[in-house]
1. How big is the protein assembly as shown in terms of Cα radius of gyration and Dmax, in angstroms?
2. Multiply the residue gap between A:Asn264 and A:Lys66 by 0.36 nm, knock off their C-alpha separation, and tell me the result in nm, one decimal place.
3. Restricting the count to DSSP beta bridges whose residues both fall in the protein assembly as shown, what percent are antiparallel, rounded to a multiple of 5?
4. Between A:Ile233 and A:Lys249, what is the label-point separation in nm under the 7 Å Cα-to-beta-carbon projection?
5. Which one, A:Thr106, A:Gly128, A:Ile191, is farthest towards the positive end of the dipole of the stretch A:50-270 when Lys and Arg carry +1 and Asp and Glu -1 on their Cβ?
6. What's the center-to-center distance, using Cα atoms, between the stretch A:44-86 and the stretch B:53-130 in Å?
7. Peptide A:76-82: average number of partner chain Cβ atoms within 10 Å per residue?
8. Positive end of the dipole of chain B, charges at C-beta (+1 Lys, Arg; -1 Asp, Glu), about the Cα centre: which of B:Ile241, B:Gly161, B:Val15 has its Cα farthest in that direction?
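We did not get these values from a lab; they are worked out from the coordinates using the rules stated. Computed from a predicted model, the values in this text were never measured in an experiment. Quick reminder, even Gly has a Cβ in these numbers, built from the backbone with ideal geometry, and neighbours come from all protein chains shown.
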Amino acid sequence: MAWYSELTAIKKKSKEDLWIKCKKCQSHIYKSEWEENLNVCPNCNYHGSITSYERINLLFDKNTYKELFNNISPIDSLKFIDLKGSYKDKYETAIKKTGISESVVTGHGKINNIEAVVAVMDFRFLGGSLGSGTGEKILRAANYAYDNNLPYIIFSASGGARMQEGVLSLMQMAKTCAGVARLNKKNIPYISVLTNPTTGGVSASYAMMGDLNISEPGALIAFAGRRVIEQTIGEKLPDDFQTSEYLLKHGFIDSIIDRKNMKNYLSNVLSYYSREIN
Amino acid sequence: MSKNKKAILSAWDVVNISRHPNRPILQDYLSLIFTNFVELHGDRFFSDDLAMIGGFAEIGDQKVMLIGHNKGKKVNENVERNFGMAKPDGYRKALRLMKLAERFNIPIITIIDTPGAFPGLEAEERGQAEAIAKNLTEMASLEVPIICVVIGEGGSGGALGIGVGDKILMLSNSTYSVISPEGCASILWRDAKFAPDAAEALNLTASALHKLGVIDEIIEEPGEGAHTNYGKIAESVKSSILSNLEIYKNFSVEELIQGRFEKYSGIGKFSVNN
């Protein structure tokens, strides 16, 4: 088809991408249209990835957001070196590339005039992996919510616990859940938003412990990897296995919310909270 | 007469000892150091997971709730016990028994020995992630002392799901890892055959974890490993559990919960920049 080969030719010529190709339906969408649609495909509603700051901009009322604990970054405590080099090199590169210092950004602000503390994970930073610094920031933000009697929202996006910190990473699962436990005890709301992907040690800790667990459409939400499961059981898995829709069917999430509706959904559910806490 | 010097073991050597086919498992400690075991079954929801066992027991003159992974010996038992790989039903049974211990005001002893939480279709369907997450959250505020002993393999979230204790003890040749060395090698070294290198890098031995401040105590194994002297290791484990229980005898609930929160808040190494 002539128009198709023209399209690919133009794509090859220009360095700047004028189009984004949807990973799901393969449609070519103008980059500006993609971005206006919040990195969501206007054709099939595939929710593409979004940075932590982009999400924060979408969520909070203008000029109300204040970042917290952004002075925390990784340390190569195990002096971990694998085939591709040192953990230190990996995270220093990640810091340079993303401009953030760990796989989660924390802060507080108003969501349709309701003050809340938020932690937003960023998949660009070492696959959103849960390391010591990540766990520390998530706990500190939970403690801030606890001390100030504010609701807490965590947006998860993670490949799981960070291998290069060994059991220190594993223990962040317990540490973050201890923070959630205290919020529960004080009856402070905690909402978990599971975005693509939410897996491993993150799904097996705070991500599954929201008073509400909500997710974006089509998110991969998993404990074990699909291939590992297929190898274990020797069978092929259903196509919708480990998606938001699958989890909804099996009773593990409350609702699937489109990105464009997320802010209003969150402020609406928070408006039902009517306790006075001292 | 000079003491026998123990050979310096590589992390991979330790991994192999922790997986030794004759290594004592939970049912061995049950018969050697616990008495009057009253096994309790079921998660009240779906099934009785045989990979995770629990019930009332006595150790010395202490009444406790004992919970742990049981791998089984011999192949038929291994299969029945799913090699100690629990499904959500196992974690939910564990939680039910832990809440029971809290109601009855008796301490909890957990015995950890698992390659990991079972990665199966039904496990995923029944919420393996939620079951573990729930346990982590509930254990954080349980109002009775919790002592956890890693006797073999501490397989990641599968271990931690019954492992949020006031004290974490490890046998000297046991391992505790965020991922199996084989799993780590296949991802970061592109080939599972580099498992020995991954094992070293992961710092998964008791001595490495004790140095990192992640675990509280190492229980020394006899000779070449626990499998060489069941009586001796059993005595060491019993004595360690009893002395750790003694520590919490006079703690108030507030002291216990605050202490546990501070313990887990303090785990992790990161940089705070100005």
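1. Taking only Cα atoms of the protein assembly as shown, I get Rg and Dmax of 24.1, 91 Å.
2. 69.3 nm
3. 45 percent
4. Once both label points are built, they end up 1.2 nm from each other.
5. A:Thr106
6. Here the answer is 36 Å between Cα centres.
7. Across the residues of A:76-82, the mean count of other-chain Cβ atoms within 10 Å is 5.
8. Of the options given, the answer is B:Val15.
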